[in-house]
1. Which trypsin sites (Lys or Arg not before Pro) from the stretch 1-64 combine a DSSP loop assignment with at most 10 other Cβ atoms within 10 Å?
2. Report D for the stretch 3-67 in µm² per second (integer): Stokes-Einstein, Kirkwood Rh on Cα pairs, 25 °C, 0.890 mPa s.
Amino acid sequence: MHPEDVKAAIRKRYGTVARFVSVHNLPTSGVSDLFRGRTSARVANAVEKVLVEDAESKHSDSDRRSTATGKGVAAA
């Protein structure tokens, strides 16, 4: 996944990357370091959690839309 996509997912949930870092008590440069290939298990796990939640949110949104429009519903 592209770093900008990751940052976008973080911003959707936390507003800013700095807020995400603060909420999760991560090192200030932790997210930037992750994008540069320096891995920290704590940072990677926190980012992964946001990405999973974002993916689940997108999935449930598309389910709601397809139900509302009748798409995806089997015809009888």
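1. Values: sites: LYS7, ARG11, LYS12, ARG13, ARG19, ARG36, ARG38, ARG42, LYS49, LYS58, ARG64; in loops: ARG36, ARG38.
In loop regions of the stretch 1-64 (DSSP not H, G, I, E or B), the sparsely surrounded trypsin sites (Lys or Arg not before Pro) are ARG36.
2. Numbers: Rh = 12.4 Å.
Reported coefficient: 198 µm²/s.
Taken together, the values in this text are just the output of simple stated rules run on the coordinates, not laboratory data. Everything quoted here is computed from the prediction, not taken from an experiment. Don't worry about glycine lacking a Cβ; one is built from the backbone with ideal geometry, like all the others, and counts go over all protein chains shown.
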